[in-house]
1. Output the relative contact order of the chain, whole-number percent, from Cα pairs under 8 angstrom with separation of 6+ residues.
2. Counting only DSSP beta bridges with both residues in the chain, tell me the antiparallel percent, nearest 5.
3. With Cβ to Cβ distances under 13 Å as the rule, what net charge do the other residues near V78 carry (K, R +1; D, E -1)?
4. Determine the gain in length on full extension of the stretch E49-R281; use 0.36 nm per residue of separation and subtract their C-alpha separation, reporting nm with one decimal.
5. Hey, what number do you get for the chain at 222 nm if only DSSP H runs of n ≥ 4 count, each worth -39500 (n - 2.57), divided across all residues, to the nearest 500?
6. If a paramagnetic tag sat 7 Å from the Cα of K157 along the Cα-Cβ line, which residues of segment 90-121 would have the backbone N under 11 Å from that point?
7. For R202, what charge total do you get from the other residues with a beta carbon under 12 Å from its beta carbon, if Lys and Arg give +1 and Asp and Glu give -1?
8. Give the long-range amide H neighbours of V220: residues separated by 5 or more places, or on another chain, with amide H under 5 Å away, using H modelled in the peptide plane at 1.01 Å from N.
Amino acid sequence: MAVLVTGGAGYIGSHMVLALLDSGQEPIVLDNLSTGFRGAVPDRVDFYEGDISDEGLIDDICAKHSIDAIIHFAAKTVVPESILDPLGYYLNNTVKARALIDSAARNRICHFIFSSTAAVYGDVQTNPVTEKDIPAPMSPYGRSKLMTEWMLEDVSKAHDLNYVILRYFNVAGADPHGRAGQSTANATHLIKVACQAALGMRASIDVYGTDYPTRDGTCVRDYIHVTDLVHAHLDALAYLRAGGANLKANCGYGRGFSVRQVVDIVKLVSGVDFDVRIVERRPGDPPAIIASNERVTSELGWKPRHDDLQFVVQSALSWEKRLQEHEI
Ligand SMILES: NC(=O)c1ccc[n+]([C@@H]2O[C@H](COP(=O)([O-])OP(=O)(O)OC[C@H]3O[C@@H](n4cnc5c(N)ncnc54)[C@H](O)[C@@H]3O)[C@@H](O)[C@H]2O)c1
Ligand SMILES: O=c1ccn([C@@H]2O[C@H](COP(=O)(O)OP(=O)(O)O[C@H]3O[C@H](CO)[C@H](O)[C@H](O)[C@H]3O)[C@@H](O)[C@H]2O)c(=O)[nH]1
């Protein structure tokens, strides 16, 4: 059976496509290329340029391929942008997700894996955060994703559709074989931005706030290597195909690094002492958020292989160098 990967031309989706191919499976990609790149999808993969809300297109794809699962990555993903453009986020991440879930139900696709986010938790009171903690998103981005989680829960009760919702913490790094990485234009993610500063592509990096109630005053996050993350999806797919029940699981390593620690590691790995400016807090940022990964390991049998921030940074830096040298 084939797997429909929405957003498969994006950062995480392109790593998913490689992981599916590496495990002998057949990915089919649907992407509107709003932030993704056609070149991120290998030529041998069936690629459809289009929108997740295009029900006719999805019906055609389903008629042509035997699809039993959707892995749904396609979304707008930047927290500060969602505060400026909430309606754009609710449209793309909630309204269009509704259309996609409708297409899944209509075409009797019974397995659905959804890219959710740690941003659904908001400003957590205790870390590590577990799936039993009550979500309280601080941004339209987080809310747009939480509403899609709720839709899946409801639809699953009414239709033959089972889901795994994966709540990703901070995804970073690049394919260890150099086949994929984060190519997003105008990136905002800390590790990518710091790697660009190390390579002289930016004059400096801004640290958003040093007055948080954390060990060094900067925000703490749980950075997970993208390859480990996509392997959790392979585990989720096997789980659903084996008849596993609906599941919601965090994806992170269970330990946090502050912004200052990340900057220091990028300086260490790159050997470049780039400039760092301390600026105001950025709206929508919780002070610290770290995953409990007990559920993803026990229920899905997930085994992370790259739980090493230096390795995460090294792989991100290698990819950034290749982008800079126009090798990709
Ligand atoms: N990067 C992270 O740290 C992180 C953390 C938590 C959750 N996530 C989630 O993971 C998923 C993938 O994120 P990413 O970092 O790879 O982002 P990305 O922007 O690189 O990838 C998103 C892809 O979806 C496509 N897309 C967007 N809207 C679409 C639509 N309506 N129809 C068809 N294609 C569409 C884009 O062109 C792009 O290729 C998102 O759902 C995001 O919310 C990411
Ligand atoms: O130039 C920068 C970029 C980021 N940061 C700080 O670094 C931390 C991480 O920021 P990112 O932008 O890399 O990531 P976020 O934590 O905001 O969000 C990411 O993880 C979330 C889950 O926690 C969401 O899923 C979201 O999609 C994804 O972008 C934050 O404290 C941020 O303020 C800086 O100080 N300077």
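1. Details: 662 pairs, mean separation 63.2, N = 328.
Averaging sequence separation for qualifying contacts and normalising by length gives 19 percent for the chain.
2. Counting DSSP beta bridges with both partners in the chain, the antiparallel share is about 5 percent.
3. Summing Lys and Arg as +1 and Asp and Glu as -1 gives +1.
4. On the way: separation 232, 0.36 × 232 = 83.52 nm, distance 3.77 nm.
Working it through step by step, the gained length comes to 79.7 nm.
5. Values: 11 runs with 123 residues, N = 328.
Per the formula, -11500 deg cm²/dmol.
6. Label zone hits: none.
7. On the way: positive: K192, R277; negative: D206, D275, E320.
It works out to a net charge of -1.
8. Long-range HN contacts for V220: A288, I289.
Every number in this text was worked out from the coordinates using simple rules, so none of it is lab data. It should be emphasised that the depicted structure is a prediction, and the values quoted were computed from it without experimental measurement. As a convention, Cβ positions derive from the backbone with ideal geometry for all residues, glycine included, and neighbour counts pool all protein chains shown.
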